[in-house]
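The values are calculated or read from the model by the stated rules, or taken from the named source; none is laboratory data. Note that the coordinates shown come from a computational prediction; the quantities given were computed from them, not determined experimentally. Surface areas here come from the heavy atoms of the whole protein model, side chains and all, with no ligands, DNA or RNA. Shrake-Rupley method; radii C 1.70, N 1.55, O 1.52, S 1.80 Å.
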Amino acid sequence: GYRIAFSNFDVDLVSKYTQNDVEQLMQNKTIVRNRLKINSAINNAKKFIEIQKEFGSFDDYLWGFVSYEPIKNKFKKYSDLPAYTKISEKLSQDLKKHGFSFVGPTICYALMQAVGMVNDHTVDCFRYWKLWSIANQVSRSIYLFLNLIFFTTSSNRFNGTILTMLVDAIPVSMQSFS
């Protein structure tokens, strides 16, 4: 429902939503109908575009928080995984300084996990070593190139489907470069 409700996640379109659009979204039973969150999504789309202009891309902005290298944790069990980290707290604070809302450190850490900025697979997971190996074999430029492919298009469309497939999609793509 969210993809349809929010114009296929096209930030250019969402950033131009009016109060009439908000009222229509408030009637949409396929999404959480919270006025603050709907207004936040519209505001955040505007701020997303501002960050793209300031940093060249949202990707460059995000990856700058980890010096363009994924964090490779070595957790042995899921209960060891943090809900947030100092880096996600910094990201959250910086996004808020840029005018974003509903971007606490926990949701920022989830974003970091989803886009590959942090490898939180446990060491006994087959994906952990695959990602570890790939991260050690590919250069920063390949990571940036893959992020460009997966997270941006010329129309500023953020593909939510790719986000949900990310854990599997990025390693498969990176393997062709190793």
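Solvent-accessible area per residue in the range 1-140 equals 57 Å², computed with a 1.4 angstrom probe and all protein chains kept. Summarising the amide proton neighbourhood of ILE71: residues at separation of 5 or more, or on other chains, whose placed amide H is nearer than 5 Å comprise VAL118, ASN119.
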